[in-house]
Structures are given as C-alpha cells and as structure tokens.
Amino acid sequence: MENGLTFQDTYKLAQSLVQDNTTAAQDSVLDPLTFLKQQINIGNRILYNDVGSVFLEKTKTYTTSISSNSYDLPADCARPKSLYRIVSNTRYTAERIFDEDRWQRIQLDNNTNTSDYLQFMFARRSTFEIWPLASTAAATLYLTYETIIKDLSADDYTTGTITTLANAGTAITASGTTFTAAMAGRFIKIDSDGQWYEIESVTDTTHLVLVKPYEGTAISAGSEAFTLGEMSRLPGATHHIPAYFAAWQYFLGFRRNKDLASVYERMYKTYHDWAVETFNKPFESTYIAPKRNYPYMRNPNFWPINIG
C-alpha cells in the first residue's frame, strides 16, 4: 500500500477542518465525531464507486469437482468478475452468462458433456456454476471478484513493539501486543521505515503474517515502534478526500453554515474530480496512472478559507 491515511488520521483531519473535536451530542441526537465518521464512510463509498472497482479486486482459488458444477462464492464477494483455469500452460477463461434462460438451454443441450476446457460461467446470489462439468478432479479454478465495501471503524493500534521481522520475510514477532483476528486485512508500518504493509493473518497476540514481503531493514532483536491501522484500499493520494466530504456535510446540515458548506463542497468536488481523472480507467486491471496535476498546484487560489 502506498503511503496514505488511516481511518483515525482521516477523521482527525475532518475534525481539524471543521474545528470541532467535541464528543457531546448535538441536540441529543448525534455527537460531531460520530457524524464525521459516518460521513467519511459515505464519502469513501462514493470514491470507490467513481474511481473504479479495480481497487476492490481479490482472487480465490477452487479445486474442481467431477460430481458438481456449483461452487460457493466467497463470503465477501460483491460480484464475480472472471473465472479461468490453466490446462497445459494455456489459460481458458469462462464466458460470463447473464441470462437464466440461456444458461438453462446450455445445460439441457449439453448435460452429459465433461471436459477440462472451461467455457461458461453463471453466477447466482451465493454460488456460481460452470460448464462443462470438469472431467478431472482437484484441478485449480481461479476466481477474480470484487469485494464488499466495509465501513472503516477502528482506531490505530500502537501498543507494544516489533522485535523480529526479516527483510523479504512476512512473519512479524512483537512484544507487549494484543493482536486480534479482526486485525487481518488492516495495515501495519514500522514507524522508522514508514511503509505500510497489509496484514494477511493474525497467528496469536504477538505474531502477524504480512501479505507481501517486508522490504525494509531487518529487525532481529529490536524494539521498534509501529502503527497498525485501518485504511481505505483506494490509492493513498485519495485518502484525504472523504474528510472534505465530511466537512461539507457538517456545515451543510449538522451545524449549518452556508458559506463554509460552499467552500468545502468546492474543495471536495475538485479533489474528487482529480481522483476520477487520475485513477478511474475504462478497463479493469492493475494500472499505474500517469501523473495529473494535483488540484492545489493547478489553482493557487484553491484555499481561500477563514473559518475563525
């Protein structure tokens, strides 16, 4: 993960923008911090929708069955995107079928066919089906799918130190920590290194496994400070944008101020449009976008704000 903001960083930015870090309920309904957190998650969902789904992609493998053509979709699957298998170094990608009647005709016309050459796929609510039925058991199917967006909610965790982490390794050993299973999928950085790494799994309260190998200086018998946080999976350069959405909504309705609402609306939309222009592509693949001028550099009068 390129450097970005954790959820805690983002809501603290929003608090700074609106100059309100109180937690007392507004009209006995909602406190400012809870409101800002809600709006950050709404802004995050808008960005995911508009910037592109490629940042939500995951891959899951399956082993083929010779007795059934139906397989369970992952629990975190919002929608499947592609399915393929490899036979003799050749990739066979299933054609997606979206019409139930057509799928049933394929089944009726070819219900006795078995083959290792994958041709069709039909997705249902919680399962997907393939045709033809696999003729070889325990072969590998590769499913690429878009994950369900989860709201961010966790504060940063910094208790304890990292004692062991090898360069090019994925296993972390810590001291004084209380890691939990819920931390899988979050991100961790060694503070002196500064690079974020996604957590694959939590072994126990003092051991983690990273998704990708650590590229920093090895820690063999150290006592390194760390930050473990929950982050958006969008590019780090976009992580501040939901804070401006939250500030806009704060002044639009939570504590009404038409002038400040207009200022933050303009700032949010400028950042949002820049993100869409930079990162949203008409195709879905891992892609490094060409540089676009950052909004601040594009317009030196972008920040005419006086909240005081």
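The values are calculated or read from the model by the stated rules, or taken from the named source; none is laboratory data. Just so we're clear, the structure is a prediction, and the values are computed from it rather than from any experiment. Quick reminder, even Gly has a Cβ in these numbers, built from the backbone with ideal geometry, and neighbours come from all protein chains shown.
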Practice problem: Inspect the stretch 179-197 for any residue being among the β-branched types (Val, Ile, Thr), touching a Phe, Trp or Tyr at 6+ places or on another chain (Cβ under 7 Å), over 28 Å from Thr59 (Cβ atoms) and surrounded by 12 or more Cβ atoms within 10 Å (Cβ to Cβ) and give the result as yes or no. | Solution: no
Quiz item: Out of the stretch 146-168, which residues are assigned to a loop (DSSP other than H, G, I, E, B) and in contact with an Asp or Glu (Cβ under 6 Å, 6 or more places away or on another chain)?
Solution: Ile148, Leu152, Ala154
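The rows are residues; the columns are (1) farther than 22 Å from Asn3 by Cβ; (2) in contact (Cβ under 8 Å) with a residue 24 or more places away in the chain; (3) in contact with a Gly (Cβ under 9 Å, 6 or more places away or on another chain).
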{"residue": "Thr161", "(1), (2), (3)": "no, yes, yes"}
{"residue": "Ile172", "(1), (2), (3)": "no, yes, no"}
{"residue": "Ser175", "(1), (2), (3)": "yes, yes, yes"}
{"residue": "Ala181", "(1), (2), (3)": "yes, no, no"}
{"residue": "Ala243", "(1), (2), (3)": "no, yes, yes"}
{"residue": "Ala246", "(1), (2), (3)": "no, yes, yes"}
{"residue": "Phe251", "(1), (2), (3)": "yes, yes, no"}
Quiz item: surrounded by fewer than 19 Cβ atoms within 10 Å (Cβ to Cβ), charged (D, E, K, R) and within 23 Å of Lys269 (Cα to Cα) - does that describe any residue in the stretch 58-67?
Solution: no
Exercise. State whether one or more residues within the stretch 42-64 are part of a loop (DSSP other than H, G, I, E, B), more than 23 Å from His239 (Cβ to Cβ) and either aromatic (Phe, Trp, Tyr) or modelled with pLDDT of 95 or more (or both).
Key: yes
Quiz item: Considering the stretch 114-145 alone, what residues qualify as being outside any strand (DSSP E or B) and either under 24 Å from Glu57 (Cα atoms) or of a type in the set (Gly, Ala, Ser) (or both)?
Solution: Ser115, Leu118, Gln119, Arg124, Arg125, Ser126, Ala134, Ser135, Ala137, Ala138, Ala139
Exercise. Out of the residues in the stretch 217-265 that are among the basic types (Lys, Arg) and within 19 Å of Thr34 (Cα to Cα), state the one that is surrounded by the most Cβ atoms within 10 Å (Cβ to Cβ).
Key: Arg255
Quiz item: List, please: which pairs have Cβ atoms under 6 Å, are six or more places apart or on different chains, and start with a residue in the stretch 199-215 that is within 16 Å of Phe226 (Cβ to Cβ) and end with one that is charged (D, E, K, R) and assigned to a loop (DSSP other than H, G, I, E, B)?
Solution: Ile199/Arg186
Exercise. State yes or no: is Asp9 charged (D, E, K, R) and either touching a strand residue (DSSP E or B) at 6+ places or on another chain (Cβ under 6 Å) or in contact (Cβ under 8 Å) with a residue 60 or more places away in the chain (or both)?
Key: yes
Quiz prompt | Leu33 vs. criteria touching a residue at least 40 places away in the same chain (Cβ under 8 Å), out of contact with any strand residue (DSSP E or B) (no Cβ under 8 Å at 6 or more places or on another chain) and under 30 Å from Tyr268 (Cβ atoms) | solution = no
Quiz item: Within the stretch 98-140, can you find the residues that are over 27 Å from the mean Cα position of the chain (by Cα) and among the aliphatic types (A, V, I, L, M)?
Solution: Ile106, Leu108, Leu118, Ile130, Leu133, Ala134, Ala137, Ala138, Ala139
Practice problem: Go through the stretch 143-162 residue by residue and tally those that are polar (S, T, N, Q), within 18 Å of the chain's Cα centre (by Cα) and more than 15 Å from Gly229 (Cβ to Cβ). | Solution: 2
